[in-house]
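Heads up: the structure comes next, in structure tokens.
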């Protein structure tokens, strides 16, 4: 193979070779074969050139990638003809050998660990070199699985067996010679031997009792579960804990407390073991990480937060027993948690980390604890972020001390330095969304739906629309993104003020995702740029939906619309309805002329029960309530006659009750008509399905719009108005119909970026104060910026969020019982609360009376009278 040289070529020799190549002599004796001409060119190229122009690029071939790979080979292999794949494999082996020589030889200081990871991130082959060296450290003579290989019926995952030298051995049970075996292994930490027990998931019912027997015999008080119960339509682990109480052989397990968070669940179990001599009881905490899917990696901050809570519980409740950790097969995910916990404990004790040496401990303790290079790199990333973001939550009463630090200049500078450091960390750790991540928003038909081309939701976190609307080719897209809350994933949907062409999509978002609350944090600006998306009275059509205003109120800081959203029954250009199936033509079927085909289902007593006479004046409150529920439903599409035909029946009709008295009566059953007692399947399919569909197509939503936040202001004029908005939204969320705790809240602003982060961050911190009695603004903001990195302005909104949380803390005296200083003062001497607390109690009571959504008796009576009058008019 020819390699181009850097020398210039002699022009006279080139001209001679060119003339011989282009116009060769016709004589056979003087003709030169092509191979001789190429040799002549090479000969001329080796001659020292004169100051001439360089050779033509057509005659010189640039160096190929294969030529570059040859330089990495030894000299004795460069002249040998080999395939490109072999050259690449030889090159990779050489690079891996060099990378294995660059492994760390000593623990790394915590101050240098982040730089160490960043350097190796640029050359990922160095991570692979460490991983290969870890696998070479496995002692095959020591790591044997002779016992586990004979107990295959007790191994849910046969590819991961415990080593004989460190497996967990249980006490034997009578009549069961194999009861000593369980697929579990002891693993050491840096500071303690047998600090962990790694086991597999429970896959069979007999293993439930074995698992709890192991927990009892070990004396453990902490279980860490790193797998889902269901993952990709597969049962990864049985739910081995009861909802209330269950007996697993001699051990009784009772679930006493459950706390649900967005990425994990913390349960408290009470274990009781009864013997002939005594009754022993223990408390066990169960930390269930729910966001680690198969063949993927979780959100790093959530993983670190789980470990923080586990270690916090272990420090408050120390026991001389190992921590039980399990995933699905007791391998890679468990190894990642052990590496994180052990190295952070080492850093807390010595200020150093040494994951490379600890990985050798893991692979010699249980198979597949370090399963791949990707997992090895992920553990380094988790440790790096844990070292970098060492920002801990603060107790609630410390918010007052933080606000008082602004008074002194020295403390104010210290606080500003801390805020600057947190801002830099947030900017550094915020993920960058690429165009490929947001491909749906950059499609040609969706570009006009975005107010800003730089603010586009990622495809994996945007809410998809289902109802067909508008004229766009992609009716599933709206510029909105899901944001996790403190207790639930996708608790909020962030969107922008709809454009004139996306108002229909906005109401489709509310309807398809059953949103119970919409919080608009921007005052309406120019009608041209920010069109109205809601009216103040009556009904209005928005695309395929009818929006009816049920209630409208104005308050000093906001306005509220209680709306009912339903689909239009006969939208424009709708196709004719399909024919209702009946039993017409079936032998023995007798048609009834007084009933429309498919409507006899309404007259079955087990469904409707009672009917009103035309001049009925006496009715119970329950009957009126039933009419209220029927009246609020939209008209049924299959019925073309008025509702009075079915409600006001003549006394002499066969469907009316016997006797001439008024009032509500049961329909009499006649033996002459057998179909009165027949369960008509066709009627149920036709009418019952329509009624059920229509009942599900009604959405009740509260739209709250602020009035105290002008568009030109980055933060509100005061915290009082925003606190009132938060209280109203949270109050309605508790009273909204159709399980509001499982439905999202829409939060919007004029651009879908500013203001929204303040509201969501405040709600996350409020939930944290209610559940854990602490505040962590830093991690709340970090979690919000995963799917929309532009949330929270680091200069103004981040600082304002602390002010909102201080206001919320001072306006809720219920938090005082968690204030250590106040509790000590109360124990020493009983003193009255400060005036600010009394004022907050008055504000709280006035707010409840002002924004209460409870139905009063007078309002209910007026609604009942209106419904009765409406029915009589019909």
Let's test the formula: R0 of 41 Å, r as the Cβ-Cβ distance of residue 93 and residue 115. What FRET efficiency results, to the nearest 0.05?
0.90
Once you have the Cα-Cα distance between residue 735 and residue 372, take 0.36 nm times their residue separation minus that, and quote the gain in nm to one decimal.
125.8 nm
Determine, for 287, 303, the number of other Cβ atoms within 10 Å of each Cβ, and report the residues in order from fewest to most.
287, 303
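What ranking of 257, 174, 231 emerges when the number of other C-beta atoms within 10 Å of each C-beta is taken as an exposure proxy, fewest first? Present the calculation step by step, with values, prior to reporting the outcome.
Working: 257 11, 174 6, 231 16.
Starting with the residue having the fewest Cβ neighbours, the order is 174, 257, 231.
Just subtract the alpha-carbon distance of residue 816 and residue 562 from 0.36 nm times their residue separation and send over the number in nm, one decimal.
So the chain would gain 88.0 nm between residue 816 and residue 562.
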Which order results if 444, 806, 306 are arranged by neighbouring Cβ count within 10 Å, fewest first?
444, 806, 306
Label model pair residue 272, residue 487: point-to-point distance (7 angstrom along the Cα→beta-carbon line) in nm is 2.9 nm
Taking the simple approach of a point 7 Å from Cα along Cα-to-Cβ for both residue 803 and residue 429, what is their distance in nm?
2.6 nm
Using only the Cα atoms of segment 181-251, what are the Rg and Dmax in Å?
13.5, 40
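Using square roots of five times the C-alpha gyration tensor eigenvalues, list the equivalent-ellipsoid semi-axes of segment 455-555 in whole Å, biggest first. Please list the in-between numbers first.
Working: eigenvalues 95, 63, 43 Å².
They are 22, 18, 15 Å, listed from largest to smallest.
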Virtual spin-label span in nm between residue 193 and residue 404, 7 Å along Cα→Cβ:
5.1 nm
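Any chance you could run the full-extension gain for residue 283 through residue 794? It's 0.36 nm times the residue separation minus the Cα-Cα distance, nm to one decimal.
Full-extension gain reported as 179.7 nm.
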Can you compute the FRET efficiency between residue 250 and residue 320 using 1/(1 + (r/R0)^6), with r the Cβ-Cβ distance and R0 = 25 Å? Round to the nearest 0.05.
0.65
Within segment 412-431, find all residues whose amide N lies under 11 Å from a label point positioned 7 Å from the Cα of residue 391 along Cα-to-beta-carbon.
418-430
Can you work out the PRE-style zone for residue 159? Point 7 Å along Cα to Cβ, and I want the residues of segment 352-394 with backbone N under 18 Å.
363, 366-376
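If packing is taken as the average count of other Cβ atoms within 10 Å, what order do 352-363, 746-757, 117-128 fall into, highest mean first?
Values: 352-363: 20.5, 746-757: 23.2, 117-128: 14.5.
Going by the mean number of other Cβ atoms within 10 Å, highest first, we get 746-757, 352-363, 117-128.
With r defined as the distance between the Cβ atoms of residue 471 and residue 239 and R0 fixed at 41 Å, what FRET efficiency is calculated, to the nearest 0.05?
Working: r = 48 Å, r/R0 = 1.17.
According to the calculation, E is roughly 0.30.
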Order 213-221, 312-320 from most to least packed using the mean count of other Cβ atoms within 10 Å.
213-221, 312-320
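Since every read-out is calculated from the coordinates, none of them should be taken as a lab result. On a predicted model such as this, the values are computed, not experimentally measured, just so you know. Using ideal geometry, Cβ is built from the backbone for each residue, glycine included, and neighbour counts are taken over all protein chains shown.
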